[in-house]
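Trainee: I have a structure here, written as structure tokens, and I will follow up with some questions on it.
Laboratory data are not the source of any read-out in this text; all were calculated from the coordinates shown. Keep in mind that this is a model prediction, so the values were computed, not measured. Neighbour counts are summed over all protein chains in view; Cβ atoms, including those assigned to glycine, are modelled from backbone coordinates with ideal geometry.
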Amino acid sequence: MLLQRLIPSLLLRGGRLVKGVEFQSFRDAGRPETTARAHNAQGADEIIVLDIDASREKRPPDFEALRRVTAECFMPVTFGGGIRSRDDAARALDAGADKLTLTMTALENPGLIDTLAHYLGSQAVVLGVDVVRVDGRAMVYDHHRHEPALDRSVKGWIDEAIDRGAGEIRLMSADREGRRMGMDLDLIGKVAASCEVPVVAEGGAGTLEHLAEALHAGASGVAVGTMLVFSDNNLVKIKSFLKSRACAMRM
Amino acid sequence: MTVGVVDYGAGNLRSVLNMFAYLGEDATILREPEDVLGADRLVLPGVGAAGEAMDRLRTRHLDEALDEAVLEKGRPLLGICLGMQLISERLFEFGERRGLGWIDGDVINIRHCTNDPHLRVPHMGWNQIEIMPTGEEFLSGIGNSQQYYFAHSFTLRPSDDNVVAARTSYGADLVAAVRKDTIFATQFHPEKSQVAGERMISAFLEWNP
């Protein structure tokens, strides 16, 4: 049986690990490789590493920090932030990434999904979709314009990306990130039901029960950030809890 | 003993090199046919789309060097993920290609093997494997954690079941590992499967077929 995944999500800024609230304010959270080593030791099923400024600053991702992180990881590493070309993808893989997640760079250039899927296979191409609710309606968020993208529906964009070759969806509730109010179960359920690739959900978890709810709603995995960086939660404890809630976890 | 990792320009070599470094093995990167012929043990890694990967092996004449090193000289080879698919006869990812042809069989989309129309493909994440007697040398002794990381949309369907060294279940029975002569290959990623994968790679390093 395929197991569900618990995936720590690491945000990089200036080679350091940071943790933010709604992509607005960030606090320093130490050296990313130190945290990656701890996650590996605790049996993380995978890890996501995002260079959060690369896309907006229109610069290449921080491959050096990535390399330091992957040296500590004997589980898969998904890397994102500023991957714009086949060459960027090759460099990220050379730095130890296994999968690439495209969010803004795919919105700006959807053909990038096709290019990377042909080059690396669909299993290595993850579409990141940042979603906000506007008057209750789920919308794709455009981080460059700081507003929802009006020309794309969440479902339409996900369907298009899968047609182009995306092999996984990283579904982030951007307006819940760091707020610990619970995950957007309606969104997770609808997206998971309407597509036939794995969906990894993130954003809004404040309790372990919230993570269990997202897995029960249909997510193949849950990504956790805030919950790990500034709390006494650890992966072993979280997995034990999820297993007790009938989630299929690797112990 | 030299361990060489074949670089055909699309694999993520770093993950494999990290694992060998962790095990204290100084693996080298093989880019030229003569490098391939000089290594005592070979690793054919893989992230990539099959068609393009096979084209690159041919363009660089690495296919001929691999044939000579493995089939004629009998050097042990570990294939990983796409590396397992490339040793088959025919590949169907983004167009049909001829593979290295060491294992009789086709590599086809997982969707064409399952009766479940809603199966999520790629098969992505950690899955339990069932070990055949021929796989025990590599995969046993791990106790209750026989779980490995898979990330693939295509699957090898060998004509001869005797080459299957391990299976996994995902929408259908899928091949998780094959073994034939001096070849051992896995669909999962041992280099990304923490302790279970570390033990498997150690076993490959000690394997004397």
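Trainee: For region B:1-106, max minus min Cα coordinate along each principal axis, in Å, sorted largest first?
Mentor: 39, 28, 22
Trainee: Just to confirm a number: summing +1 for Lys and Arg and -1 for Asp and Glu over residues other than residue A:6 whose beta-carbon lies under 15 angstrom from that of residue A:6, what do you get?
Mentor: Net charge in that neighbourhood comes out at +2.
Trainee: Connecting C-alpha atoms closer than 10 Å in a GNM of chain A, tell me which of A:142, A:45, A:28 has the biggest fluctuation.
Mentor: A:28
Trainee: Please give the charge dipole size of region B:3-206, origin at the Cα centre, charges +1 on K and R Cβ atoms and -1 on D and E Cβ atoms. Round to the nearest 20 debye.
Mentor: Roughly 560 debye for region B:3-206.
Trainee: Please give, to one decimal in nm, the separation of the simple spin-label points placed at residue B:206 and residue A:27, each 7 Å out from Cα toward the Cβ.
Mentor: Between residue B:206 and residue A:27, the simple spin-label model gives 4.7 nm.
Trainee: Starting from the 7 Å offset along Cα-to-Cβ, what nm value, one decimal, do you get for the label separation of residue A:196 and residue A:86?
Mentor: Using points 7 Å along Cα→Cβ, the separation is 2.9 nm.
Trainee: Residue separation times 0.36 nm, minus the C-alpha to C-alpha distance between residue B:96 and residue B:26: what's the value?
Mentor: Gain on stretching residue B:96 to residue B:26: 21.6 nm.
Trainee: I've got another one for you. Rounded to the nearest 0.05, what FRET efficiency do residue A:58 and residue B:59 give with R0 = 41 Å and r taken as the Cβ-Cβ distance? Could you check?
Mentor: Efficiency for this residue pair is about 0.75.
Trainee: Same structure, new question: Let me have the relative contact order for region B:26-100, percent, based on Cα pairs under 8 Å that are six or more residues apart.
Mentor: 38
Trainee: Beyond a 32 Å Cα-Cα separation, which of these cross-linked pairs lie in this structure: A:58/A:239; A:99/A:239; A:155/A:237; A:237/B:180; A:58/A:243?
Mentor: A:58/A:239; A:155/A:237; A:237/B:180; A:58/A:243
Trainee: Tell me, rounded to the nearest percent, the portion of alpha carbon pairs in region B:66-171 spaced more than 23 Å apart.
Mentor: Taking all Cα-Cα pairs of region B:66-171, the fraction more than 23 Å apart is 32 percent.
Trainee: Taking amide H positions as placed 1.01 Å from N in the peptide plane, with prolines and chain starts having none, which residues 5 or more places from residue A:5, or on another chain, fall under 5 Å of its amide H?
Mentor: A:221, A:222
Trainee: Would you please state the base-10 log of I(q)/I(0) at q = 0.19, 0.20, 0.28, 0.29 1/Å for region B:146-209, with intensities from the Debye formula using one equal scatterer on every alpha carbon?
Mentor: Per q value, in the given order, log10 I(q)/I(0) is -0.76, -0.83, -1.34, -1.37.
Trainee: Taking 8 Å as the Cα distance limit and 6 or more residues as the minimum spacing, I'd like the relative contact order of region A:5-244 as a percentage.
Mentor: 18
Trainee: To the nearest Å, what is the center-to-center distance of region A:1-77 and region B:34-106, using C-alpha atoms only?
Mentor: After rounding, the separation between the Cα centres reads 33 Å.
Trainee: Additional query: Translational diffusion coefficient, Stokes-Einstein: compute it for chain A using the Kirkwood radius over C-alpha pairs as Rh, at 37 °C and 0.692 mPa s, and state it as an integer in µm² s⁻¹.
Mentor: So the translational diffusion coefficient is about 185 µm²/s.
Trainee: Let me ask another. According to a simple spin-label model (label point 7 Å from Cα along Cα-to-Cβ), what is the distance in nm between residue A:233 and residue A:94?
Mentor: That separation, rounded to one decimal, is 3.7 nm.
Trainee: Okay, moving on. Per 20 Å bin from zero, what fraction in whole % of the C-alpha pairs of the protein assembly as shown is there, up to the bin with the longest pair?
Mentor: Cα pair-distance distribution for the protein assembly as shown, in percent: 27, 59, 14, 0.
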